[in-house]
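What follows is a set of notes on a single structure, which appears directly below.
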There are 2 protein chains.
Amino acid sequence: MSAKDSKIVKTEPLDANKAKWINTVLTTYTDPLGKTRTWEHAERPTRPKGSDIDAVGMVAILEKESGPELLLQKQYRPPVDKVCIEVPAGLVDAGETAEQAAVRELKEETGYVGVVSETSPIMFNDPGFCNTNLRMVHVTVDMSKPENKNPQPELEGGEFIECFTVPLTDLYAECKKLEKEGYAIDARVATLAEGIEIARRWKV
Amino acid sequence: MSAKDSKIVKTEPLDANKAKWINTVLTTYTDPLGKTRTWEHAERPTRPKGSDIDAVGMVAILEKESGPELLLQKQYRPPVDKVCIEVPAGLVDAGETAEQAAVRELKEETGYVGVVSETSPIMFNDPGFCNTNLRMVHVTVDMSKPENKNPQPELEGGEFIECFTVPLTDLYAECKKLEKEGYAIDARVATLAEGIEIARRWKV
């Protein structure tokens, strides 16, 4: 049994009256010249009241003796009908800070106990198409701690998540390799990899 | 007149029968244990037939004597009702490669003529929520070339895009500063910045 063993039975138009996880919105607005225009977009109706984000993603770095490694996941995603390579992530519960959600979700999804070192600005995933967003929380996992010796995820019923790690130095090459093997690469993973390559190439 | 001078008049539920830029889909699938499940997601109906991507984004780096600078844009986005900080990007026309679309869109939106150095894997913007994706095309802009001395964008009627540049070394700090000033940060920009910071911190 693996994430790859998911199969689409059928796809059909979503009935807006029955939709639980998605809203679509028509906005009428005036442009800088005062002309009236319209724009269509999608939203998550699940953002907690009072929260400015839908979700958190984790840049979880395992401090290994051989060098730092990024914790990644393989998870089947029906919207793209592929197994995706993603950073650990999760929706924020009501009343939680981004950092609390990150540490909780990391433990649930991967079993690792991490320490927060940085929280990113709010990032919008595709702001011409939808309003979904997240903060990336950077978490360091101390591999010498007893709780990180034998991490045990506590997955929910519908979750089939496989964890793996990639040395930071190999991340971009690994993204290309995984794509060739048929995986879909999440934008956060590939863009982190690009940032690392740019820092190297331009000696930043 | 600036990108900030856009104002929302009203928002309302989008009528799926009138939607031009967004489809919503209900997928029925079987999970790895054989259990039947459903998933809701949004799609762009505009992806050209035969194309595997919706759009391209550009990591456009201006080679300045003072150091490399990343070309960015300010653009009002109705889905988030804010001016967003984004990389130059555009939808792919039928029959275009990612590289052709990148060079064309860069010229149209910013006036700069660039040379492609790298094309990323396909990246999915939010694969639990929608199937929208892009490739990032890395473009170097030689500032000593006559065509890049006085770049003139050729914007379409509805486009109000302001270009600016940020030294690569300052990108993450600048994202935080721009967020404090009220801008929304696109995930590509912030994640590139994070990648650069990670490469520095972990000495990759």
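Brief remarks on what is shown
- Members of the range A:1-29 that are closer than 25 Å to B:Lys82 by Cα, buried (at least 18 other Cβ atoms within 10 Å of the Cβ), within 24 Å of the chain's Cα centre (by Cα) and at the interface with chain B (Cβ under 7 Å from one of its Cβ atoms): A:Ile22, A:Thr24, A:Val25
- Residue count for the range A:166-190, restricted to those that are over 28 Å from B:Tyr29 (Cβ atoms) and in contact with a strand residue (DSSP E or B) (Cβ under 8 Å, 6 or more places away or on another chain): 4
- Of all residues in the range A:88-117 being closer than 22 Å to A:Ala184 by Cβ and surrounded by fewer than 22 Cβ atoms within 10 Å (Cβ to Cβ), the one that is farthest from the chain's Cα centre (by Cα): A:Leu91
- The range B:164-198: number of residues that are closer than 17 Å to A:Gly128 by Cα and more than 9 Å from chain A (Cβ to nearest Cβ): 1
- Residues that are under 24 Å from A:Glu43 (Cα atoms) and part of a strand (DSSP E or B) within the range A:86-126 comprise A:Glu86, A:Ala89, A:Gly90, A:Leu91, A:Thr119, A:Ser120, A:Pro121, A:Ile122, A:Met123, A:Phe124, listed in sequence order.
- Taken over the range B:48-73, the criterion of being buried (at least 18 other Cβ atoms within 10 Å of the Cβ) and within 21 Å of A:Pro13 (Cβ to Cβ) is satisfied by B:Asp54 alone.
- The residues listed here are A:Val59, A:Val25; of these, the one that is touching a helix residue (DSSP H, G or I) at 6+ places or on another chain (Cβ under 9 Å) and closer than 22 Å to B:Ile185 by Cα is A:Val59.
- Taken together, the residues in the range A:54-81 that are among the charged types (D, E, K, R) and within 15 Å of the chain's Cα centre (by Cα) amount to 3.
- Any hit, the range A:130-137, residues being touching a residue at least 12 places away in the same chain (Cβ under 8 Å), among the aliphatic types (A, V, I, L, M) and not in a strand (DSSP E or B): no
- Matching residues in the range B:30-47 - criterion: being of a type in the set (S, T, N, Q) and surrounded by 12 or more Cβ atoms within 10 Å (Cβ to Cβ): B:Thr30, B:Thr38, B:Thr46
- Filter result for B:Gly157 (surrounded by fewer than 19 Cβ atoms within 10 Å (Cβ to Cβ) and at pLDDT below 95): yes
- Search result, residues across the range A:129-154 that are surrounded by 22 or more Cβ atoms within 10 Å (Cβ to Cβ), more than 16 Å from the chain's Cα centre (by Cα) and not β-branched (Val, Ile, Thr): A:Phe129
- Scan the range B:30-68 for residues that are within 10 Å of another protein chain (Cβ to nearest Cβ) and assigned to a strand (DSSP E or B) and the total you get is 16.
- Put simply, of B:Thr119, B:Thr110, B:Thr140 the only residue that is more than 9 Å from chain A (Cβ to nearest Cβ) and without any contact (Cβ under 8 Å) to a residue 24 or more places away in the chain is B:Thr119.
The values are calculated or read from the model by the stated rules, or taken from the named source; none is laboratory data. This one's a predicted model, so the numbers in the text were calculated from it and none came from an experiment. Note: ideal-geometry Cβ built from the backbone for every residue, glycine included; neighbour counts use all protein chains shown.
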